[in-house]
Amino acid sequence: MTFYRLSRVAKVALRQIATHIAADRPASVKPVIDALVATFIFLSQHPNAGHEAATKSGSCRIFPGKKPAHKYVIAFYVDQQQLVILAVVHGARDWPRLLREMEKEAE
């Protein structure tokens with residue numbers, strides 16, 4: 001598997017992450033976003049990496065971003081031979097609750 005796609009939630013999260021970082025450290029935006037993209041590529045090549053998230057369906061996995069994006073948690077799943085990046089959330093947030101809420105919205 002070599003392809004990945006970003007969910008709408010993940011696209012919004014990347015824009016928010018970039019905006020948040022740019023407010024204090026503009027020079028850090030590109031390295032962090034590049035590290036997240038490198039992690040997406042790694043996950044598309046290793047879709048069993050990470051751990052299953054505690055969701056009702058159990059089909060979502062989580063994995064930390066590569067440095068310097070290591071404070072972010074990436075939630076993903078495989079859909080028809082394509083990796084789907086469901087969300088990118090800062091690890092300090094209550095990401096397990098956020099994943100459960102996203103799952104409820106998808107029902």
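What the table below lists for this structure:
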{"quantity": "Options Val78, Val89, Val84: the member that is touching a helix residue (DSSP H, G or I) at 6+ places or on another chain (Cβ under 6 Å), assigned to a strand (DSSP E or B), β-branched (Val, Ile, Thr) and in contact (Cβ under 8 Å) with a residue 12 or more places away in the chain", "calculated": "Val89"}
{"quantity": "Among the residues listed as Lys56, Lys30, the single one being modelled with pLDDT of 95 or more, among the basic types (Lys, Arg) and surrounded by fewer than 19 Cβ atoms within 10 Å (Cβ to Cβ)", "calculated": "Lys30"}
{"quantity": "Where a residue in segment 15-36 is at positive phi and its partner, wherever it lies, is not in a helix (DSSP H, G or I), with Cβ under 7 Å and at least six apart", "calculated": "none"}
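The values are calculated or read from the model by the stated rules, or taken from the named source; none is laboratory data. In this text the structure is predicted, and so the values were computed from the model without any measurement. Ideal geometry is used to build each Cβ from the backbone, glycine not excepted, and the neighbour counts take in all protein chains shown.
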